[in-house]
Amino acid sequence: LTRRKLLGTAGATGLVLGAAGGVVGYTAQPSRATPLTSVGAGQVMFHGKHQPGITEGLQARGHLVAFDLAAGAGRREAAALLRRWSQTARRLMAGEAAPHDDTDVARDAGPSSLTVTFGFGHSFFGRTGLEKQRPVALDPLPDFSSDHLDKKRSDGDLWVQIGANDALVAFHALRALQKDAGDAARLRWQMNGFNRSPGATSHPMTARNLMGQLDGTRNPKPREADFDQRVFVSESGTPSWMANGSYAVVRRIRMLLDDWEKLSVAAQESVIGRRKSDGAALSGGTETTEMDLEKTDAKGNLVVPINAHARITRPDQNGGAAMLRRPFSYHDGFDQDGVPDAGLLFVCWQADPLRGFVPVQRKLDRGDALSQYIRHEASGLFAVPGGAAEGEYVGQRLLE
Ligand code: HEM
C-alpha cells in the first residue's frame, strides 16, 4: 500500500497558494479518512511539459544539492541514476513511500507540495562523453569583480533542487535521493533554505527576504505572453534534448546584515528604490504600480535613485534581459565573531543565461547600491531538461 492509501492523505479541495501567492499545487480528491490540512495535501505533478519546482510558488523549506559522478561512472551509470531518481521523485511527490527502505520520516504527512528538480552542470558532459550534446548556454558564467566564490560549494556534475512546505517531507526526499545515488555519485555540496510558511500571513503576499524587503514583485508571471519565451527553451530549441527545459543560475549570496541593519529605513529604501513596508516604488502608488523612472523631488533629484537595485535590474534597462527569481533564504549560524552567515540562495530561471542573469549581474557589478551589503559566495549554472512524460525519466532524451 502506498502512504497515500494508508493514510488517506486527501483533504480540502482546490488550489493551494504559496507564500508568494503563486499556485503551489492541486490538492488530492476529497478523502474518506481523516483529512490533512491544505498544507499537507498540496500535491504537484511530477510528469509534465516542464519539470516541477520552477513555476510553483515558493515553498517553506528547500535543499539545493550538487553531486559529482563517482570515478568510473559514465553515461550508463548516469542514465540508471536519473531513472532511479525520477522514480523516487514521482513517488514522493505523490505522497507515496520511497521505492526502497523508506525511512518513515515523512510518514503521517501528505506530500506538502514537494517538488524535485534535476539539472546537469558543465562538467557532466565531459564525464559522460556527451560533449557534443553540451548546450552553448552552459558555458561557464563570466567572472564578476564582486565574486568571492568558494569553488568547493560551486558547480557540480548534477544538481537537485528539493522544495516542500514541510521540513520533514523535504528532508525525507533529500535522504532518499542521496541513498539512490549509491556508488554512482557523491555529494559535492548542500545548501538548506527556507521561506515563509503558507498561512503565516492573513492573505497570500509576495514573500520577504532576510533584509525585510518584499522580494519577487516584478517576477515574470505565467499569464504574461512572453513568460514561456523568457523562462523556457522552446519546443524546437537546441539542443533538442533541452526542449521545454530551462537554465538555473544558483548563487549563494550572503547578506551583510550587521551593515544593512545600521541603515535607516529611508536609506534602505533608497538602496532598493522601493518602500520596505509594502514594496511600492518610491515614485508612489502600491506594490504593483509601475515605477516612474523620471520622477524628481522638489530639489530635482530622481526619487528612484539612479543606482537603486529595482531600477537597474529592470528588463527595459538591460536590453530585455529577464529571469524568474525563485529563491530560498538561508541561515547557517554565526561566524566566530558573531556575524550571521545568512542571506539568499538565489535561484533564477531563464531560457538563456546570456539573456537573463549574465547581463543583469554585469550591470549590478558595475554599481548597484545593494552591492556593498551582499557577497556572492558560491555559484552554479545548470541545464534543467524539460519534464518527463509518463513512463519516461528526466534527461532520458539526453542519456538513452
Ligand atoms: C528586484 C532584492 C540579488 C535581479 C528586486 C527587488 C528586491 C530585490 C527587494 C524589488 C522587488 C522585486 O521586483 O522583486 C535582492 C536581494 C538580492 C538580490 C536582497 C541579494 C541578496 C539579485 C541578483 C539579480 C537580481 C543577483 C540578478 C543578477 C533582480 C531583478 C529584479 C529584482 C531582475 C526585478 C526587476 C524588474 O523587473 O523590475 N531584488 N535582489 N537581484 N532583482 Fe534583486
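Laboratory data are not the source of any read-out in this text; all were calculated from the coordinates shown. Every value quoted in this text rests on a predicted model; they were computed, and no experiment measured them. So basically every Cβ, Gly included, is an ideal-geometry build from the backbone, and we count neighbours across all protein chains shown.
If one takes the longest principal axis of the Cα atoms in the chain, at what angle in degrees, from 0 to 90 and to the nearest 10, does the Cα axis of helix 167-181 lie?
60
Under a 10 Å cutoff between Cα atoms, tell me which one of A389, A41, A351 has the largest fluctuation in the Gaussian network model of the chain.
So, out of A389, A41, A351, the one fluctuating most is A389.
Nearest 20 debye, what's the magnitude of the dipole of the chain about its Cα centre given +1 on Lys and Arg Cβ and -1 on Asp and Glu Cβ?
That gives a dipole near 560 debye.
How big is the equivalent ellipsoid of the stretch 105-158 along its three axes, where each semi-axis is √(5λ) from the Cα gyration tensor, reported in whole Å from largest to smallest?
Each semi-axis is the square root of five times an eigenvalue, giving 30, 19, 11 Å.
222 nm [θ] for the chain, helices only, -39500 (n - 2.57) per DSSP H run of 4+, per residue, to 500?
Mean residue ellipticity, 222 nm, calculated: -5500 deg cm²/dmol.
Could you please report the charge total around I253, scoring K, R as +1 and D, E as -1 over all other residues with beta-carbon less than 10 angstrom from its beta-carbon?
Around I253, the surrounding residues sum to +3.
Enter the angle in degrees (range 0 to 90, nearest 10) between the Cα long axis of helix 75-93 and the first principal axis of the Cα atoms of the chain, meaning the one along which they spread out most.
Taking Cα atoms only, the helix is inclined about 80 degrees.
Select from A137, A73, A378 the residue whose mean-square fluctuation is largest in a Gaussian network model of the chain (Cα-Cα springs shorter than 10 Å).
In this elastic network of the chain, the residue with the biggest mean-square fluctuation among A137, A73, A378 is A73.
In debye, nearest 20: dipole of the stretch 179-260 around its Cα centre with unit charges on the Cβ of K, R (+) and D, E (-)?
Its charge dipole is roughly 220 debye.
Find out how many positive minus negative residues lie around A181, taking Lys and Arg as positive, Asp and Glu as negative, among other residues whose Cβ is under 13 Å from that of A181.
Here the charged neighbours net out to +1.
So what is the diffusion coefficient of the stretch 268-390 in µm² per second by Stokes-Einstein at 20 °C and 1.002 mPa s, using a Kirkwood Rh over Cα pairs?
129
Can you list, largest first and rounded to whole Å, the semi-axes you get for the chain by taking the square root of 5 times each eigenvalue of its Cα gyration tensor?
Value: 34, 26, 20 Å, ordered largest first.
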